Amino acid sequence: MYRLMFKQFFRSNVVILCLLLVSVLGMTGILIGKQFLDRQERATEQVTIYQQEHIERNVSFHQEEFGLLMYYLKFALINKPEKMAGLSIGQSDVNPAIQHVTIRNLEGQKYDTDLVNPSSLQSGNLDLGFVIIYLLPLLIIVFTFNLLSEEKEVGTWQLVSIQSRSKLKYLLAKLSVRVLVILALFVLLLTAAKLILGIPFDAALFAFFLLGFCYIIFWFTVCFLVVVFQKNSSLNALTMLSLWLVLAILLPAGINSYVSNRYPVPEALATMIEQRDGYHKKWDSDKRETMADFYAHYPQFEEYGMPVDDEEEFTWLWYYAMQQMGDDEAREESDAMREKLELRGQVSRSIAWAIPTMHVQLAFNKLAGTGSTSHLEFLDKTNEFHEKLRLYFYPKIFDNALVLEENWEKFKPEFIVKENVVEWFRLLLPVIICSGLLLFLTFLKLSLSKQKGEW
């Protein structure tokens, strides 16, 4: 029977056309992911070359004063994307993957981003994650909206009712043909992505596969629930498309708007103003007060004393103390902004437990390391990297060490080390619960229909 069902299913030109279209879009998404990874790889190689040339050039120009040299020198910290990022680009197209920092105040440097074409951002990225989350459900709708209604509309359902031992089993057999076809397409696209993007077969890729599998099953349960209400094809198609619109577009957009308005981030502007004022006002402040604050932050440098007896005298010790005060005075606003951004992510993830489309989008980004959480972790690593540079170079500046005695070749761009731990329970449970609930409603509806003699 299955063989005949497959033949009947593929007899339609619309089925072939739809499968080809989604396959082409899936391959396009994979190639877009490949372009993204190649672009990041080129940027990483260029940064390595640039930093070496940048240090050599500035060392040759500013050999007299260590402090003056450090005013110009920049050091790179790289958040190199994993191969999985090609599957779900997420927010990594707007968040910088490379931070160039000097040892001057950090807050003004952390949020420098690359210039991105706004029209590209508006259209978003057609990656494989997009195809799975938004296009595969549409394909499922196309394949299932007339699963039962077509039989009734062409008058074959009565024949099936007489000849089949169980109408439900017959309907489930027809549904399983479509499930197998969609899953085969999903596995084919994911296999192509693994080969083209060079993704290692690890826990993250397996989790991506399992989550995509559960998500496809979820949409089949949605469509099957609509089918068992035994309405005509037009109404089924309209209902399924409306559900897709609500689950894939309306709810995620509405929740994003709610979270943004519920947790505004005025601290972003305040941080910038505080760090600028904290530094610039120190030019007109008592230098001894600035130095006292600096030594309160770094008591290990107190041995350098208060070298500024003459108010007009400029020293690099005092200059970098001013820079430090810019960061210190913006610390409270900066921490508050980070907490708000973290809170936004937590609230979105909590709400997404009830909305599989949103949950899968956030989970794909997390597995790929392209979500907001990954970017916040990168900013934390930038803080640590900047502090490490300061603590290394401060004594050399304050002692006015000889520039040429420093081994500048050892300063290569640094890469952050990521630990992507898959939380299986949080990852799969929301989609499994939603699918189970829909299955329960489906069989409840079937049971009620049988009692009423409608099935």
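The values are calculated or read from the model by the stated rules, or taken from the named source; none is laboratory data. Here the structure is a predicted model, which is why all the values come from computation and not from measurement. As a convention, Cβ positions derive from the backbone with ideal geometry for all residues, glycine included, and neighbour counts pool all protein chains shown. All accessible areas refer to the heavy atoms of the entire protein, side chains included, with ligands and DNA or RNA removed. Shrake-Rupley method; radii C 1.70, N 1.55, O 1.52, S 1.80 Å.
For the reader, a short list of remarks on this structure follows.
- For the chain, the longest principal axis of the C-alpha atoms and the axis of helix 251-262 are separated by about 30°.
- If R0 equals 22 Å, the separation of the Cβ atoms of Asp399 and Glu313 corresponds to a calculated FRET efficiency of about 0.80.
- With a Förster radius of 35 Å applied to the C-beta separation of Ser350 and Phe415, the computed FRET efficiency comes to 0.60.
- For region 187-195, backbone phi angles converted through the Karplus equation (6.51, -1.76, 1.60; θ = phi - 60°) give residue-by-residue couplings of 5, 4, 5, 5, 5, 4, 5, 4, 6 Hz, Gly and Pro being listed as x.
- Potential lengthening of the chain between Glu56 and Cys18 amounts to 7.9 nm, from the contour at 0.36 nm per residue minus the alpha-carbon distance.
- Surface composition of region 35-75: carbon and sulfur atoms hold 47% of the protein heavy-atom accessible area at a 1.4 Å probe.
- Spin-label pair Leu441/Gln91, simplified geometry with 7 Å Cα→Cβ offset, distance in nm: 3.1
- Here the calculated FRET efficiency for Ser257 and Tyr111, from their Cβ-Cβ distance with R0 = 25 Å, stands at 0.65, rounded to the nearest 0.05.
- In this simple spin-label approximation, Leu235 and Trp283 carry label points 7 Å from Cα along the Cα→Cβ vector, and these lie 7.5 nm apart.
- Here the accessible area of region 273-332 is 45 percent carbon and sulfur, with a 1.4 angstrom probe and all protein chains present.
- Options Phe378, Cys434, Leu391, ranked by Cα towards positive dipole end of region 376-434, top entry (Cβ charges): Cys434
- The chain: angle of helix 13-61 to the longest principal axis, Cα-based, in degrees nearest 10: 10
- Legend: residue pairs Lys194/Lys340; Lys80/Lys410; Lys83/Lys340; Lys231/Lys366, Cα-Cα distance threshold 32 Å; pairs beyond threshold, Lys194/Lys340; Lys231/Lys366.
- Peptides 132-140, 65-73 ranked from most to least packed give 132-140, 65-73, packing being the mean of other C-beta atoms within 10 angstrom over each peptide's residues.
- Label-to-label distance, nm, for residues given as Asp380 and Gln300 (7 Å Cα→Cβ offset): 2.2
- Average accessible surface area per residue within the chain, 1.4 Å rolling probe, Å²: 52
- The candidate values were (i) 14; (ii) 34; (iii) 30; the one computed from these coordinates for percent of Cα pairs over 43 Å apart carries the label (ii).
- Annotation: extensible slack from Glu342 through Leu245 equals 32.1 nm (criterion: 0.36 nm per residue apart, minus Cα-Cα distance).
- Split the accessible area of region 105-224 by element, probe 1.4 Å, and carbon with sulfur accounts for 64%.
- Over region 102-237, relative contact order from alpha-carbon pairs under 8 Å, at least 6 apart, %: 42
- Extension gain, Leu180 to Gln63: 0.36 nm times the residue separation minus the Cα-Cα distance gives 35.2 nm.
- Considering only Val226, Thr191, Gly33, and ranking their Cα positions along the charge dipole of the chain that arises from unit charges at the beta-carbon of Lys, Arg, Asp and Glu, the one farthest toward the positive end is Val226.
- Backbone amide hydrogens, once placed in the peptide plane, bring Phe415 within less than 5 Å of Ile78, excluding anything fewer than 5 places away on its chain.
- Cα centroid of region 163-180 to Cα centroid of region 146-160, whole Å: 13
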